[in-house]
């Protein structure tokens, strides 16, 4: 189903991104993040990373997982929509909102036509320092913190 506000295409941030098809006013609910709802017990199994003999990642299925609550994650790789292509930025123009165990992407400021839609992933992962390097940020924002991970709590 075509979305009124966004289109997916090549991104300078990473792979495929979503871009505004028209002006989007602040506060607009842009899209619902869709995919297969899976229990947390399945997330780990689906999030396995496969590497080749040189240590290069050849399969990394974690990229479309969206944590909803302690029971549920949405796997956008299965029956997902274009919301799964919204990239991370340390200076986002959107935010994710969880309501009634559903995830929505909302504009937090006015967005110009053609502008890439982004939100701050603030990922919270239990990984080694070496594994955390996989979450390097490429947003190029002036305030980029260099990672898609949430900053440690003080």
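Within the stretch 99-119, being closer than 20 Å to residue 65 by Cβ, touching a residue at least 24 places away in the same chain (Cβ under 8 Å) and either out of contact with any strand residue (DSSP E or B) (no Cβ under 8 Å at 6 or more places or on another chain) or part of a loop (DSSP other than H, G, I, E, B) (or both) holds for one residue alone: 101.
In the stretch 34-63, the residue that is surrounded by the fewest Cβ atoms within 10 Å (Cβ to Cβ) out of those that are modelled with pLDDT of 80 or more and not in a helix (DSSP H, G or I) is 39.
Is it the case that the stretch 124-131 has a residue that's assigned to a loop (DSSP other than H, G, I, E, B), in the same structural domain as residue 7 (by TED's automatic domain parsing) and at pLDDT 90 or above? So far as the stretch 124-131 goes, no, none of its residues is assigned to a loop (DSSP other than H, G, I, E, B), in the same structural domain as residue 7 (by TED's automatic domain parsing) and at pLDDT 90 or above. The residues listed here are 104, 66; of these, the one that is surrounded by 14 or more Cβ atoms within 10 Å (Cβ to Cβ), at pLDDT below 95 and under 18 Å from the mean Cα position of the chain (by Cα) is 66.
The values are calculated or read from the model by the stated rules, or taken from the named source; none is laboratory data. Note that the structure is a prediction, hence the values are computed from the model and not measured. No Cβ is skipped: glycine too gets one built from the backbone with ideal geometry, and neighbour counts run over all protein chains shown.
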